[in-house]
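The values are calculated or read from the model by the stated rules, or taken from the named source; none is laboratory data. Values in this document were obtained by computation on a predicted structure and should not be read as measured data. Neighbour counts are summed over all protein chains in view; Cβ atoms, including those assigned to glycine, are modelled from backbone coordinates with ideal geometry. Note: accessible area is taken over every heavy atom of the protein model, side chains too, but ligands, DNA and RNA are not part of it. Shrake-Rupley method; radii C 1.70, N 1.55, O 1.52, S 1.80 Å.
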Amino acid sequence: MTRLNDDHRIFMRGDQRARGRRLRPLILLLMFVSAALMLLSKLDHSMLGDLRWQVASWMTPVFQTAMVPLTPIREAGRTIGTQVGVQDELAHLKKENQRLGSWEWRARQLEAKVANLEAIARTIPAQKLDFVTSRVIADSSGAFVHNVIIDAGSENKVKSGYPVVNGDGLVGRIVETGPHSARVLLATDLNSRIPVVVGPNAVRAILAGDNSAEPRLVYVPDGAKIGPGDEVSTSGSGGLFPSGLRLGAVADNARQSRSVKLRANLDRLDYVSVLFYDDLSAGLGDDLVNRKPENGPAAGTGSNTGNDQRSGP
Amino acid sequence: MTWRAGVLPTLSIIGLTFAAVLPWGLSSNYRFVLPLLPIVAIYYWTLDRDGWLPEWIVFFAGLMLDILTQGPLGYWALVYLVAYVVGVYVSRVNVDAAVGKIAVLAAAIVVVTVFAWLAASAYFLEFLDWTPYARGAVFALLLTILIQLAFGMARTPGRVSASLRLTRRG
């Protein structure tokens, strides 16, 4: 049988066997097209971006189907990983629990004090944020981009610009939406810029992603005191994110004191929540522009869309 | 050519391309291994002379990965085409020893990975950190053995039936 097999191969494909595959001119054309597409991407051609996102949106059902067998695999991997370090983790959690117990008592005291002060000062209550929780169905983190695709889109009222959080803090923001999916630009992405406050002195800075695991703090004022372990949270500047969303802490590494270790593990995102946060100051500029001097100081107060969400006490 | 030889190359490459964008929970330092897995499949099927693998399928697999990862369009398409060219050249080299085959495979993965790093560096106009690429190449080499075993098992019944087929020529 083996001999028959060999004879057959020699008879039918003997010349091919000696030569192997041949390269056709088509491959040169395809390489040229690939290089041209790369160049167009570098030039950030808008048509390519739209087309790319459209195709990725169509793939959503495929990803959702693929997640069915993948979820137990991920769970199994996580269980194994947890079991490996369970003793260390237990000791760490006990210590942390002890520390947080005293903090809880202190936080309750402060909460009551703040509530009293707000009532005295008639403070307008903060905007209550609605949210939707969604599953991560694709992860595109690599050399070029750090983003994930979630299975909630415009039909779930998700819009571009909405902040995305998980239990550990801010993860990123929505940059593109389809009917059933949306793309989340992670805080580590090269294009991510998040206004933040750092440490007890509330130093304002920008958290800039650089495609590494630890984004950097840039535009830090001269002479600002920032040390390892200082908490980093959103400042709310620019209206892109609500203030007070925690991000992480300044990394311990002294050489890279301006890098931030994020609380959320962006490599292992399962479920994330999209906050329906609209910039309250977005319509303010239009109102100021449209205000006519002869209408007096009350002009434009009834037409603001963003401020309608706020109400007095 | 049997239906296995006709369908398996395309299916395996498309399947591994999809797998490359699924959220496996890998650290970003190790995620680079995932896009290298279709390269292993491309290399394997290029060496298999019975397998039907035209270059345009390789191109579209790369393009699909570019679209799904939201990276620069054409990057993975170009890298996969280079892997195809490397596979074609390697297919002309006669190596029978297992160690020799692994050495050639390792050399091929290194060539493709270095090209991927150079292309990415050229895109950003600066030399990128090469460690994730090196790490990805090492893991891809280890996974290749498993993938090749799986492909071999899927391919075996097809080989027997192909050898028994009688064809009239002329």
Practice item. Under a 10 Å cutoff between Cα atoms, tell me which one of B:Trp117, B:Trp56, B:Trp45 has the largest fluctuation in the Gaussian network model of chain B. Key: B:Trp56
Practice item. Rank-order A:143-151, B:92-100 by packing density, defined as the average count of other C-beta atoms within 10 Å over each peptide's residues, highest first. Key: A:143-151, B:92-100
Check your understanding: Can you flag which of A:Lys95/A:Lys261; A:Lys95/A:Lys159; A:Lys94/A:Lys128 are past 29 Å Cα-Cα?
Key -> A:Lys95/A:Lys159; A:Lys94/A:Lys128
Practice item. Would you please classify the overall shape of region A:53-105 from the alpha carbon gyration tensor, given that a ≥ b ≥ c denote the square roots of the eigenvalues, rounded means a/c under 1.5, and beyond that prolate means a/b larger than b/c while oblate covers the rest? Key: oblate
Review point. Taking each residue of B:11-22 in turn, how many C-beta atoms of other protein chains fall within 10 Å of its C-beta, and what is the average?
Key: 3
Check your understanding: Rounded, prolate or oblate: which fits region A:72-164 when a ≥ b ≥ c are the square roots of the eigenvalues of the alpha-carbon gyration tensor, with rounded for a/c under 1.5 and prolate only if a/b beats b/c?
Key -> oblate
Practice item. Partner chain Cβ atoms within 10 Å, averaged over the residues of B:60-67 - can you pull that number for me? Key: 4
Exercise for review: Provide a whole-number value for the mean count of partner chain Cβ atoms within 10 Å of the Cβ atoms in peptide B:75-81.
Suggested key: 5
Practice item. Could you tell me the accessible area of A:Val33 in Å² (1.4 Å probe, neighbours in place), rounded to the nearest ten? Key: 50
Review point. Which of rounded, prolate, oblate describes region A:191-279, given a ≥ b ≥ c as roots of the alpha-carbon gyration tensor eigenvalues and a/c under 1.5 marking rounded, otherwise prolate only if a/b is larger than b/c?
Key: oblate
Check your understanding: What chymotrypsin sites (Phe, Trp or Tyr not before Pro) in region A:199-280 are in a loop by DSSP, with at most 12 other Cβ atoms within 10 Å of the Cβ?
Key -> A:Tyr219
Review point. So how far, in whole Å, is the C-alpha centre of region B:3-54 from the one of region A:85-99?
Key: 42
